[in-house]
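To keep things clear, I will list the structure first and then write my remarks on it.
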Amino acid sequence: MIYRTIVSTSLAVITAAFPLKASAENLNIDFTGTIPSIVKINSTSPGPIENTPVQEFQSDDPTPAVLNITHTTGIVLSITNITDNGTVLSGSKTYNDLDLINAKVKDGDNLLIQSEISPSGKSTPVYPLNVASAVQAAVTSGKDYPVYLEITNISGLLPQGTYKIRVNVLVTPQ
């Protein structure tokens, strides 16, 4: 027993006098992360509301607003809302007297998404809000998507006045 104590004490004294050399360790450091797909709306242009010369029960949509988008993956478009943004009409007419307002987004001549509302309730929308388009392929540079708006009154001419209508388009990366 005394022998073990002497050996232990001797080793402790030797170890204290001559510390052990530190050994090197090798380790791996892992990095992980997700880079999300990116959608950038580069610009928008306001769209005019024009009266068609032939039929005065609806507006014409020859000149669209333009939505310019850059995306790194495919995108899905949805028209989430069509709202009054300060429309002032003649007489006792208001935005709520309009029978049908239709908005659509195109890619060239191809229709991507179309939605409509009936502020007056006199028309039943065929293309409801919040319906997603098919996935549009990725592009590497800005792409113009024309946005059209058409207003139709079933029971009479479009009232004279200043029309201000806002179309909300949701652009979702895929």
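For the reader, a short list of remarks on this structure follows.
- Straight-distance crosslink candidates among lysines, where the alpha carbon sits under 24 Å from Lys40 and sequence neighbours closer than 8 are dropped: Lys104, Lys106, Lys143
- Mean Cα-pair separation over length for the stretch 68-174, i.e. relative contact order, pairs under 8 Å, 6 or more apart, %: 47
- Global geometry of the stretch 115-174, whether rounded, prolate or oblate, following the gyration tensor of its Cα atoms and the 1.5 cut on a/c: prolate
- 5 angstrom amide H check on Val131, placed H, neighbours 5+ away: Ile79
- Percent accessible area from carbon and sulfur atoms, the stretch 56-141, protein chains only, probe 1.4 Å: 50
- A simple spin-label model places the labels of Ala132 and Ile41 1.9 nm from each other, with each point 7 Å out along Cα-to-Cβ.
- Counting only residues at least eight positions apart within a chain, or on another chain, the lysines with an alpha carbon under 22 Å from that of Lys93 are Lys122, Lys164.
- Set against the 2.2 N^0.38 Å expectation for a compact globular protein, the stretch 63-174 has a Cα radius of gyration ratio of 1.17.
- Full extension of the chain between Lys122 and Phe31 yields a length gain of 26.9 nm, computed as 0.36 nm times the residue separation minus the alpha carbon distance.
- Ligands, DNA and RNA are left out, and with a 1.4 angstrom probe the accessible area of the stretch 45-174 is 52 Å² per residue.
- Cut-off 16 Å, label 7 Å out along Cα→Cβ of Lys164, residues of the stretch 64-87 by amide N: 83-87
- Set of the stretch 68-82 residues, backbone N closer than 12 Å to the point 7 Å along the Cα-Cβ line of Thr172: 75-80
The values are calculated or read from the model by the stated rules, or taken from the named source; none is laboratory data. Note that the coordinates shown come from a computational prediction; the quantities given were computed from them, not determined experimentally. We place every Cβ from the backbone using ideal geometry, glycine too, and count neighbours over all the protein chains shown. Note: accessible area is taken over every heavy atom of the protein model, side chains too, but ligands, DNA and RNA are not part of it. Shrake-Rupley method; radii C 1.70, N 1.55, O 1.52, S 1.80 Å.
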